[in-house]
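Asks: Below: one structure in structure tokens.
The values are calculated or read from the model by the stated rules, or taken from the named source; none is laboratory data. Quick caveat, the model's predicted, so the values are computed rather than measured. In this analysis, Cβ positions are derived from the backbone assuming ideal geometry, glycine residues included, and neighbour counts consider all displayed protein chains. Calculation scope for accessible area: heavy atoms of the full protein, side chains included, ligands and nucleic acids excluded. Shrake-Rupley method; radii C 1.70, N 1.55, O 1.52, S 1.80 Å.
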Amino acid sequence: MSIAFPLHRNESPLPDGDREAILAAPGFGQYFTDHMASAVWTADSGWHDGKVTALAPIPLHPAAAVLHYAQEIFEGLKAFRHADGSVWLFRPDLNARRFVHSARRLALPVLEEEAFIASIEALVRADESWVPAHDGRTSLYIRPFMFGSEAFLGVRPAAQVSYYVIASPAASYFSGGAAGVTLWVSSTYTRAAEGGTGRAKCGGNYAASLAAQVEAHDNGCQQVLYLSEPGRGYLEESGTMNLFLVTADRELITPGLGTILDGVTRASVLKLAAEHDLKAVERQIGIDELRERCAAGSISEMFAAGTAAVITPILAIKGEGFEQVVGDGEPGSSTLAIREHIVGIQSGRLADSHHWLHRVV
Ligand SMILES: Cc1ncc(COP(=O)(O)O)c(C=O)c1O
């Protein structure tokens, strides 16, 4: 049986003027709306106590499982305001399914797709005034998460689990046009291994990625390009985005699923490929092949795809003892066209011919 998320309205929301000032320049992940959705699961009672309440700190026992053994998963998706004032989610069913997959991998209870989407709808309706105006740049970023909250110091699945959804107004990652990044090919770290948690969206994956991110920044790069082995092997993904290559003979190549995250943006880009005269190919790509083909000019564009930045052009890759420019070192035309296509659908400017939008308000 699916749970409901009745609203207990925040009696002290942020004053209108303060909220408007935040919405004028929200940045990313800095400000949070007036409410949060939540529910609790216990081994005895299953999911219960669904509600939307005032955003507040979460009371947590110092022995809570998540604090010791990182039994935690999360999701990330956006709500967009259209020109007519309506508010829409982009493919929330895929986030719901990935949340189920992540829950199973982390031995957390499954929250049914219907309840996952109901919790998000309830929060977005409560905080509708926080969904930025239709401008093609801003949106409301939504963060559902679930963790073991049972107070017990033992390594086993928690018998009490908490689920929350919070939301944060977000600007586009790009201020002007689509800026590009240089990726750091780490020779020290990998992100995931066969049989590990690479395909789950769990906090532990990101904790383990921070040292690699520092290494990338120390080497003048904005993001990490993870390989299957430190410094060699096959392309996996970037820190928070999936990878795509465009070849001179119009193939759109992306690493196959396995140890990488099954990105919602990735799935959408693959679906749109044919409309951009590109043949979608999912296969392993070695770092040597990438470097050789970039040098020879047969890989002309590279980009990363994820909810936060939608599409990020990759202008160069760098690693121990090498730096390789991709194409002419500028965002490629297919990259920009695909980005415009997805942003256009999300903002309601282009027809939603694949039926990816889900109306909330
Ligand atoms: C490791 C990783 N890969 C890929 C993605 C892209 O996934 P999505 O397009 O669903 O945001 C993300 C972002 O969530 C991520 O964290």
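Asks: Within region 187-209, track down each residue that is within 13 Å of the ligand (Cβ to nearest atom), without any contact (Cβ under 8 Å) to a residue 60 or more places away in the chain and either over 29 Å from Gly327 (Cα atoms) or not assigned by TED's automatic domain parsing to the domain that holds Gly263 (or both).
Replies: Selection gives Asn205, Tyr206, Ala208.
Asks: For region 240-259, enumerate the residues that are in contact (Cβ under 8 Å) with a residue 40 or more places away in the chain and surrounded by fewer than 22 Cβ atoms within 10 Å (Cβ to Cβ).
Replies: Residues satisfying the conditions are Thr240, Thr247, Ala248, Asp249, Leu257, Gly258, Thr259.
Asks: So how many residues does region 266-280 have that are open to solvent by 10 Å² or more (accessible area, probe 1.4 Å) and either within 11 Å of the ligand (Cβ to nearest atom) or under 13 Å from the mean Cα position of the chain (by Cα) (or both)?
Replies: Total meeting the criteria: 1.
Asks: If you go through region 97-136 one residue at a time, how many are open to solvent by 10 Å² or more (accessible area, probe 1.4 Å), closer than 30 Å to Gly348 by Cβ and touching a helix residue (DSSP H, G or I) at 6+ places or on another chain (Cβ under 9 Å)?
Replies: 13
Asks: Answer yes if at least one residue in region 303-315 is more than 28 Å from Val100 (Cβ to Cβ) and surrounded by fewer than 18 Cβ atoms within 10 Å (Cβ to Cβ), and no otherwise. Can you show your working first?
Replies: Initial filter on region 303-315 (more than 28 Å from Val100 (Cβ to Cβ)): 303, 313-315.
Add one more test, that the residue is surrounded by fewer than 18 Cβ atoms within 10 Å (Cβ to Cβ), and what stays is none.
Looking through region 303-315, none of the residues is more than 28 Å from Val100 (Cβ to Cβ) and surrounded by fewer than 18 Cβ atoms within 10 Å (Cβ to Cβ).
Asks: Just a yes or no: is a residue in region 176-186 assigned to a loop (DSSP other than H, G, I, E, B), in contact (Cβ under 8 Å) with a residue 24 or more places away in the chain, over 26 Å from Glu340 (Cβ atoms) and open to solvent by 10 Å² or more (accessible area, probe 1.4 Å)?
Replies: Scanning region 176-186 turns up no residue that is assigned to a loop (DSSP other than H, G, I, E, B), in contact (Cβ under 8 Å) with a residue 24 or more places away in the chain, over 26 Å from Glu340 (Cβ atoms) and open to solvent by 10 Å² or more (accessible area, probe 1.4 Å).
Asks: Got at least one residue in region 28-46 being β-branched (Val, Ile, Thr), touching a helix residue (DSSP H, G or I) at 6+ places or on another chain (Cβ under 8 Å) and under 17 Å from Ser129 (Cα atoms)? If you could, list the steps in order and put the result at the bottom.
Replies: Pass one, region 28-46, residues β-branched (Val, Ile, Thr): 33, 40, 42.
Checking which are touching a helix residue (DSSP H, G or I) at 6+ places or on another chain (Cβ under 8 Å) leaves us with 33.
In the following step, the residues that additionally are under 17 Å from Ser129 (Cα atoms) were identified as 33.
Yes: region 28-46 contains one or more residues that are β-branched (Val, Ile, Thr), touching a helix residue (DSSP H, G or I) at 6+ places or on another chain (Cβ under 8 Å) and under 17 Å from Ser129 (Cα atoms).
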